Each structure stands twice: as structure tokens, then as C-alpha cells.
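The values are calculated or read from the model by the stated rules, or taken from the named source; none is laboratory data. The shown structure was predicted, so the numbers you read here are calculated from the model rather than taken from an experiment. Note that we place each Cβ from the backbone using ideal geometry, even for glycine, and neighbour counts take in every protein chain shown.
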Amino acid sequence: MTAVSTPPAQSSPARDRTTDRLRAFGREQRPSLVVLGVGGLFLLLIAIRLPWADDLMLHMTVLRRLIADPLHPGNPVLDVGGSSIYYSPYMFVLAMAGKVTGLGVYSLYKFAAVVNVVLLLTGLYRFVRTLSDARWAPPLALIGLMFWWGTFVIAWSGFLSLVSLVETEAYPSTLATALTLHLWAWLNRRDTLGGLRRIALLGALLGVILLIHQFTGMSAVVGCAAILVSRHRDFRRHLSVKQGVTALAAGLVACIAVIAVWPYYHLWDVNQGQLDVLDPVHRALYKNAVAWYGAGFVLGLAAIAYRWWRDKTDALVLLFLGTGAIVLYGKLTGHWSYGRSWPAVMLAGQLAAAITVAEAVRGRARAVWLAAAALVTALGVWTQSSGLLYVLPSSWQSSLAVHGTIKGLPHLDWLSRYVGSDDVVAASAQFAQYEVAAHGAYNVTSPWYQPEISAQLGATRDKAEQTIFADASTVTEAERVAALQKYNVKWVLLSPGQQLPTGLPAQLTAEGDGYRLYRVTVSG
């Protein structure tokens, strides 16, 4: 019997070309794949151990209300009905995911943090690639994003330092930033000019960003304008004036349409209400500017100046100047909340510095840029060591951290066994108010900024809570009971070290982590 040999399989030329292209891409993008991969893995580990922080508790109660009643969720913190600016497209999508999967709100936010990290890293890579072909530009951009800051740790929604990202991965601001980077990347592509549909989709995306996080959305608008101005030569070359105006109008109409049809709140109401509360909270963004931004700002400013010298209409230069003008306006007018544009100012400088270092190929200039970037990076790593150590066990963190550990607030999970979603709880301190909201109940007063709550209503509720916890020598028993009954308070939550005021009619029901829960013994 004769053996029949099988000829070796022949690979097609098309498959060979695809394989060659993939290998070439892998070699060329190896720094990006390694650095962004390591950074992504670290941030994903953070998502698994998502810190239990104050604003996360607000987003948790928002999500609880939407899951319970997507059409009429009411105010997330106070039993006053209405709606809230916090019911954004991000929250709605997560709520629908919760409806389908049955996952708890904390698990949903861990999943959201993973998605946000992926979108942030891919958006950063894509946008940087529209600005530079240098191999090391994207990985240096990620390093700059996390470490090129000041000498003091900043953790604030919308800020992208390492420690801030550790605490805010799941926040709406992080998703809004990630989507903004993708928006800028699409807008800055050479083929963006082809088609009104694409421009309209980008306009709709901008509308979604504005609904998710208004401060980030403001910077996104400035960035879009900067990119469009930087590409004025392309527009003149490929589009007539009429086509350019039509394309711009299509994007604006799509953006406004998305904002107008959103049913939960009107964007133009965001700056109404408790402005006297919002601005003072943000004064720290200016007061601590040198410590928070110093070294990274100087490095970025040098790179921005270099890019301005080469091209006065460079997109990063215009982004830096535009968002810088917003920050300056806040400083000059005392509207400190405009300091929330600091992240975009820093981002423009960080990207400019990363690209400048990556493109510096020879000579003394390269050595100077590399030395400056290395120095600022080392300073940032030292400053934000607690963020790097957060993935380690808590016992290791306390012994290794130079600047302390990232400590979340205690999980008062036992609260959910007693308080219902429609119950009102009077909490003696702000952290206790956070816990009440996180576990699904209403507060007497809101510990967070809510523009839909008028200053008068907020002041009235603040006074009522002060009456509930006031010393017996300053209020009568009748006044205390009247405040409890007016807001139908069923529970009182005391923070560690605080005592139940004399004359407050309540019975101890449960306790844990130093907190004590009392049931009010007078009916509403």
C-alpha cells in the first residue's frame, strides 16, 4: 500500500500581508502596549478594590433610585420629589444594566470602573496618535497624566493624577474625560471632514458628555474649538465656506438636540441654586495651586511655549490657553468652581510635554527634556506612593506608604437591614449622611451640592437638622419633636463619639463601626 503524502498548506498572500502588518505594528507600538498594558492592569486591580468614598456614595444612591423607578426616581438624597442633575446618561445605562443583571450598585460601579479605564486608555492612545507618530508619545502621555503634577496629593473628581484616578475611576467625570479624548481623536482625524453624518454623531457625543459631567463638558467644548481652529488649513483646502458652516451647524444641532430631549433635567439649570455653596468648596483649587500642580505645570508650560513657537494655532496650545482663560476667570471673579478646568489645562501641558520628549531625537535638547521629565516623574511617584500601594493588602500599605494610605469610609452594610428606601434618617455628621444615602434612605438635608434644591429650601432643612441635634439648653422638646415630625424622620444615626441629645425621643436599635442607629419613637 502506497502512502500518500499531504502537501504543506499554502498561506495566502493576503494572510501573509496581514501577519506582517500585525508584527510591524507590534514592534512599532511595543512601548505603548507595554506601558499602557501595565497601567491598565494596575487600574483594573484598583477597580476590583474600588475605594468606598463620599461622592461614590452619592452616585450609589442615584443608581438605586433609577433602578427602583427609572421613570420617576425623584430626588436621590431628599424626600422632595422632582428630579436631579445626577440622573445622567451614564447613570441610566448602569441602571438598565442593573435591571437586566440584578447586580448590586457597588458591583455595577466596579464593572463601570473597568469600562471607564478601557475607554480612558484607548482614548488617550487614539488622541495622542492624531498629534504625533513618535513611538513613545502615548506611553509618556499616560505617565504624564498620572505623575506630572505637584508635590502634594490631589484627589478630586475630574482630575487625572494617579491618586485621584484611584478614587474616581467609576465616577461620571472619568467616563466624560474618556469620551472627550475619543471625541477629540475622531475630530482630529484626517478623514473627519467627510460627511455630515459623522459630524452630527460627534455633536451628539459632545451633548452626552455635557449631560454626564458639565465641568468636563466645558473643557470638551474648548478642545473641539481648538482642534477646529488648528485644522483651518484643512477646512479651507477641502471645504467651501457653505460646506464648513453646514458641517458645524449639523454638529451643533445634534449636540443641542441630545441635551434638549434628555428627560431628567435641563442643562441650563445646572448653575442655579446653591452657588454660594458650590464656589467656596472649589476655592482650594486655587489656594493650593502651587502644591497641587507646580512641577507638572512648569514642565507642561515649557512644552506649550515650544509648540506655540512652532505653530501659533497648535491644538494643544489653544486648549491650554482656552481652558487657562476659564481658570483665570474663576480667579478674577471669585467663581472658584471654574477651577474645575484645571484638569484640561494640565492635560494640555502633559500631552505637549510627552510629545516633545518623545520627538526629541538627538543632542542637548533631548538630554534636557529627558532629564526634566525624569525628575518630574520621580517627584510624582514619590508624592503619589499611596496610590501605587493601594493594590497591596492594607497591613502592607500602612508600613510602606510614605504619604499615608488611601482609606475609604467604613461600610455600614448593616444599615440596609433596618432603614427602608422611603425612610428619612437624621444623621449627626456629614460622613453619616453619606452612609445614609449610600444605603438607600433619605436624609433630612443634603451633604452634596444639588442645584435643583433652592438655597431657601436647603437653609430650612439645615436649620431643622440643627434643631434635631441641638443641646437641650438651646431648643425645647416641642421644637425638636416638631422638626422630626415635619420631615417624617424615622431614624437617627449618630457618628462615633457623639451622644444622643437629651430629650430626643429615640431608642437604640443597632450599632457597628462606632455608629449607632436609633428608632424615633414619635410618629410623623
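Is there a residue being part of a strand (DSSP E or B), among the basic types (Lys, Arg) and not assigned by TED's automatic domain parsing to the domain that holds Leu56 anywhere in region 484-493? Give the steps one after another, and end with the answer.
First, pick out the residues of region 484-493 that are part of a strand (DSSP E or B): 489-493.
Going one step further and asking which of them are among the basic types (Lys, Arg), we end up with 490.
Cutting the leftovers down to not assigned by TED's automatic domain parsing to the domain that holds Leu56 gives us 490.
The answer is yes, given that some residue of region 484-493 is part of a strand (DSSP E or B), among the basic types (Lys, Arg) and not assigned by TED's automatic domain parsing to the domain that holds Leu56.
Answer yes or no: is there a residue in region 200-222 that is more than 27 Å from Gly294 (Cα to Cα) and free of Cβ contacts under 8 Å to residues at least 40 places away in the same chain. Spell out how you get there, then give the answer.
Within region 200-222, the subset more than 27 Å from Gly294 (Cα to Cα) is 200-212.
When the remaining residues are screened for being free of Cβ contacts under 8 Å to residues at least 40 places away in the same chain, the result is 205, 209.
Yes, the conditions are met somewhere in region 200-222.
Of all helices (runs of 4 or more DSSP H) completely enclosed by region 106-206, which ones contain at least 3 residues that are surrounded by 20 or more Cβ atoms within 10 Å (Cβ to Cβ) and of a type in the set (Val, Ile, Thr)?
Qualifying helices (runs of 4 or more DSSP H): 162-168, 172-187.
Working only within region 440-456, note down all residues that are modelled with pLDDT under 90 and either within 22 Å of Thr521 (Cβ to Cβ) or in a helix (DSSP H, G or I) (or both).
The answer is Ala455, Gln456.
Which condition number in (1) touching a helix residue (DSSP H, G or I) at 6+ places or on another chain (Cβ under 8 Å); (2) of a type in the set (Gly, Ala, Ser); (3) loosely packed, with under 14 Cβ neighbours inside 10 Å is the one that Ala260 fails?
The single condition Ala260 does not satisfy is (1).
When you check Val376 against the structure, is it under 30 Å from Asp279 (Cα atoms), touching a Gly at 6+ places or on another chain (Cβ under 8 Å) and either assigned to a helix (DSSP H, G or I) or among the β-branched types (Val, Ile, Thr) (or both), yes or no?
When the stated conditions are applied, Val376 does not pass them.
Here is a yes/no grid of residues against (1) free of Cβ contacts under 8 Å to residues at least 60 places away in the same chain; (2) touching a helix residue (DSSP H, G or I) at 6+ places or on another chain (Cβ under 9 Å); (3) hydroxyl-bearing (Ser, Thr, Tyr):
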site: Tyr306; (1), (2), (3): yes, yes, yes
site: Asp314; (1), (2), (3): no, yes, no
site: Thr323; (1), (2), (3): no, yes, yes
site: Ile326; (1), (2), (3): no, yes, no
site: Gly334; (1), (2), (3): yes, yes, no
site: Arg340; (1), (2), (3): no, yes, no
site: Pro343; (1), (2), (3): no, yes, no
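List pairs: first in region 223-235 and closer than 21 Å to Leu351 by Cα, second part of a loop (DSSP other than H, G, I, E, B), Cβ under 7 Å, 6+ apart or cross-chain?
What qualifies is Ile227/Asn188; Val229/Thr313; Ser230/Thr313; Ser230/Asp314.
Within region 84-101, can you find the residues that are of a type in the set (Ser, Thr, Tyr) and either at pLDDT 95 or above or surrounded by 18 or more Cβ atoms within 10 Å (Cβ to Cβ) (or both)?
Ser84, Tyr86, Tyr87, Ser88, Tyr90
I'd like to know if region 231-254 contains one or more residues that are under 23 Å from the mean Cα position of the chain (by Cα) and either crowded, with 17+ Cβ neighbours inside 10 Å or not assigned by TED's automatic domain parsing to the domain that holds Glu452 (or both).
No, the conditions are met nowhere in region 231-254.
Does any residue of region 473-489 turn out to be in contact (Cβ under 8 Å) with a residue 60 or more places away in the chain, more than 17 Å from Gly512 (Cα to Cα) and not hydrophobic (A, V, I, L, M, F, W, C)?
yes
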